[in-house]
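Nothing in this text is a laboratory measurement; each read-out follows from the coordinates by a stated rule. What you see is a predicted model, and the numbers here were worked out from it, not measured in a lab. Quick reminder, even Gly has a Cβ in these numbers, built from the backbone with ideal geometry, and neighbours come from all protein chains shown.
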Amino acid sequence: METVLPIMNKYTEIETCVECSAKNLKNISELFYYAQKAVLHPTGPLYCPEKKEMRTACVRALTRIFKVSDLDNDGILNDLELTFFQKVCFNTPLAPQALEDVKNVVRKNVTDGVLDNGLTLKGRHETTWAVLRRFGYDDDLELHQDFLFPLFKVPSDCTTELNHNAYLFLQSVFDKHDKDRDCALSPDELKDLFAVFPYVPWGLDVNTTVCTNDQGWITYQGFLSQWTLTTYLDVQRCLEYLAYLVTREKKLDLQKKQTQRNVFRCHVFGITGSGKSGFLQGFLGRNLVHQKTIREEHKSYYAINTAHVYGQEKYLLLHEVTADFDVLSEAELSCDVVCLIYDVSNPCSFEYCAQIFKQYFMDSKTPCMLVSGKSDLVEMKQQYCMSPLEFCRKHRMPPPQAFSCNTTAPPCKDIYTKLATMAVYPHARLRCMCTCNRCTFCLCQNFINSELVQTLRTKLYSLVLSRHVTAAELKSSSFWLRASVGASVCAVLSFAIYRALLRSP
Ligand SMILES: Nc1nc2c(ncn2[C@@H]2O[C@H](COP(=O)(O)OP(=O)(O)OP(=O)(O)O)[C@@H](O)[C@H]2O)c(=O)[nH]1
């Protein structure tokens, strides 16, 4: 013992010294217990004996665990949160008495009560390690690679989206941090949200990519959009970010089949200065005056927001493509809808759109829309062999859509709805959403909405109601049977007429 004690004093990392004898079977089980403990639950990474305090990495890890477990984000673990935490870590809730005992012990030892992260460290290290491991930490007190980057293979022809549960989870994260309930995250609230991250995951460009409020703070809609964007562009990164926010393994199914897609990608092409950025920012409701306040280093090549397509909310992701005309990559060409924007006041700007279309999209199935940007300016004749309208007619595209973000109010949203509709329903015939009154789509729309059809419909409806719908008949199943058959026949007939009209030149 005299030899060992000075060594122990000199090397503080030696945790225990056990005097044992194999011959006399003295302290054999103790020896194994301490040896095992030294390997499985070492004190060294958690506690610095020289300074007599927890190590920084351990404080950081426990702080994150505390914040993630503090579901209402009030800085205190209440009984519910403590029980939840206990269940997550040890698969069993704390009995009410045990809960009180824990709090009493902490109250006695720590002035700040349950708020202090020293709570678990005051206990046995086995417990601390169990908590840390349950929350995904490895022996170096870093989050485990498998936890941060789970194996997740996405087939090349699939896109990645968050599912309903993921949105619910993110909604709860937003609510937890939006302390003043103004549906936006102030810089302090955002800082608090990212306190569980080792670094701030979002760059300076986030505020120009998604919706913000008047103060430039990211809104609830913007928050979800940013997550949708990360999931779409880099699902591995999204999983990593989620790992910092969740208590346990992520069980969120992130992949959806194409048919149920919610996020649609639109690539915006146009020459330098044609107004691409203005178009992107217009989608976030920002007019030219607002756009002029955006600093160069905060500029983003993406804008994501929701658009309503026949009553359904879809995410439309706009991506400004700035690459050189001749070197467009596969990734730059792959999208759900193409937006070609030219500047009505610049006579050379349309030619670029025409060339891009002819070189890359003329034979592809991707729907394209031509946008005549800066429509508030005086229109110049475009230097091209045909006018933009003639070009659209020739290539069976919808006519050029006028757009301007030089408005007093937020720019009009119709154009984005049209783009989203084209992306969701890329079928060639349904592309046209114009009011040209010449194409089949317009003729169909006009026919359905015509006064004659409307009057006939109303007359028929009132006739059926007055003649057949008595209280007794309403109850009779034969009436509903007849009504259903009638409705089906009408639907089939209407569809047949519609198809016939579509086929007509
Ligand atoms: N009058 C008017 N000016 C606009 C409009 N949109 C953009 N501008 C102006 O046109 C110029 C170029 O607009 P941007 O949106 O930066 O054009 P861009 O295509 O993104 O340019 P690059 O990113 O350089 O390729 C800016 O000075 C804008 O202020 C608009 O709708 N009306």
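Some notes on this structure:
- Here the 3J(HN,Hα) profile of the stretch 223-236, calculated from phi with Karplus coefficients 6.51, -1.76 and 1.60 at θ = phi - 60°, is 4, 5, 5, 5, 5, 4, 5, 4, 5, 5, 7, 8, 5, 4 Hz, Gly and Pro shown as x.
- Assigned charges on the beta-carbon of Lys, Arg, Asp, Glu; the stretch 146-256 dipole about Cα centre (debye): 320
- Residue-count net charge about LYS299 - beta-carbon cut-off 10 Å; Lys, Arg +1, Asp, Glu -1: -3
- Listed by chain and number, the lysines whose alpha-carbon sits under 17 Å from that of LYS10, ignoring those within fewer than 8 places in the same chain, are LYS51, LYS52.
- Checked against a 21 Å cut-off, the cross-linked pairs LYS67/LYS299; LYS153/LYS314; LYS358/LYS394; LYS299/LYS381; LYS191/LYS413; LYS179/LYS413 give Cα-Cα distances beyond that limit for LYS67/LYS299; LYS153/LYS314; LYS299/LYS381; LYS191/LYS413; LYS179/LYS413.
- Normalised convex hull volume, the stretch 263-435, alpha-carbon set, Å³ per residue: 119
- The phi torsions of the stretch 330-338, fed into the Karplus equation with coefficients 6.51, -1.76 and 1.60 and a -60° offset, translate into couplings of 4, 5, 6, 9, 8, 7, 8, 8, 10 Hz, rounded to whole numbers, with Gly and Pro shown as x.
- Length-normalised contact order for the stretch 146-256 - Cα pairs under 8 Å, 6+ apart - percent: 43
- Burial ordering of LYS52, LYS314, fewest other beta-carbon atoms within 10 Å first: LYS52, LYS314
- Among ARG295, ARG457, the ranking by other beta carbons within 10 Å of each residue's beta carbon, starting with the fewest, stands as ARG295, ARG457.
- Relative exposure of PHE361, PHE264, PHE350, judged by other C-beta atoms within 10 Å (fewest first): PHE361, PHE264, PHE350
- The stretch 146-256: radius of gyration over Cα atoms, expressed as a fraction of 2.2 N^0.38 Å: 1.05
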